[in-house]
Amino acid sequence: MVSYLMTGVTYAFAAAVQPGPFQAYLVSSTLAHGFRRTLPAVFAPLLSDVPIVCLVLLVLTQVPPLAVDLLKVGGGVFLLYLAFGAIAACRTYQQARPGEPAPATQTVRNAALVNLLNPNPYLGWSLVMGPALLGAWSLRPLYGVALIAAFYATMFAATAVILLAFAGARALGPRVGRALTALSAIALAGFGLYQLWTGAASLVAR
């Protein structure tokens, strides 16, 4: 069981600290709206990963490349939409007021959609976590449960720590918060353009 626990912890930590669309959106939301408002979105993969895991386990490693390309294009468009929202937040930036109501549902929904349109979870589950889960489950279902628990517990904890660090930077003042919000908007736009480019290039090459 230890080997499966280590697999879940190691892969989750690598996924959490590696820059990507999901992380960029959470950082952008933290800088614009605060840590408390964004924290529930850390658990968004619990929503978005359900259809991803079901799909991958049903057709493991047989997902057509066309599906990945279409996901890249759709995810790129959505990321650009979020980038424009971050730019607007930057231009009208002001510190969040204590006790300000937090639209957690909207944040979680957007984060889940970003993750659902991001091809990385599909690739990760088809190439790493899916085979590991099937192997663990075939030995003993408890091993499979331990693998999943270790993966998500590490993912949530590492992501929350990263957001807490950005929230601390945001608390330094509106100028720092505005600058970091602008950087997060650039990151979202960059990821969006990259996904659009790679997805469209692959579709054209077919």
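The values are calculated or read from the model by the stated rules, or taken from the named source; none is laboratory data. None of these values were measured; they are calculated from a predicted model. Every residue, glycine as well, gets a Cβ built from its backbone with ideal geometry; the counts of neighbours run over all protein chains shown.
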Selection over the stretch 8-42 where residues are among the aromatic types (F, W, Y) and within 10 Å of the chain's Cα centre (by Cα) yields a count of 2
*asked:* Suppose the filter is within 23 Å of Q195 (Cα to Cα), among the aliphatic types (A, V, I, L, M) and either modelled with pLDDT of 80 or more or surrounded by 16 or more Cβ atoms within 10 Å (Cβ to Cβ) (or both); does V73 pass it?
replied: yes
In the set A112, A157, the lone residue that is out of contact with any Pro (no Cβ under 7 Å at 6 or more places or on another chain), closer than 24 Å to D49 by Cβ, surrounded by fewer than 18 Cβ atoms within 10 Å (Cβ to Cβ) and at pLDDT 80 or above is A157
Counting only residues that are of a type in the set (A, V, I, L, M, F, W, C), closer than 16 Å to T159 by Cα and touching a helix residue (DSSP H, G or I) at 6+ places or on another chain (Cβ under 6 Å), the stretch 30-46 contains a total of 5
May I ask you to verify whether T154 is within 30 Å of G85 (Cα to Cα), in a helix (DSSP H, G or I) and touching a His at 6+ places or on another chain (Cβ under 9 Å)?
no
Residue pairs within 9 Å by beta carbon, gap of at least six or interchain, first lying in the stretch 109-136 and farther than 12 Å from F151 by Cβ and of a type in the set (V, I, T), second modelled with pLDDT of 85 or more and not in a helix (DSSP H, G or I), listed first then second, are V114/A44
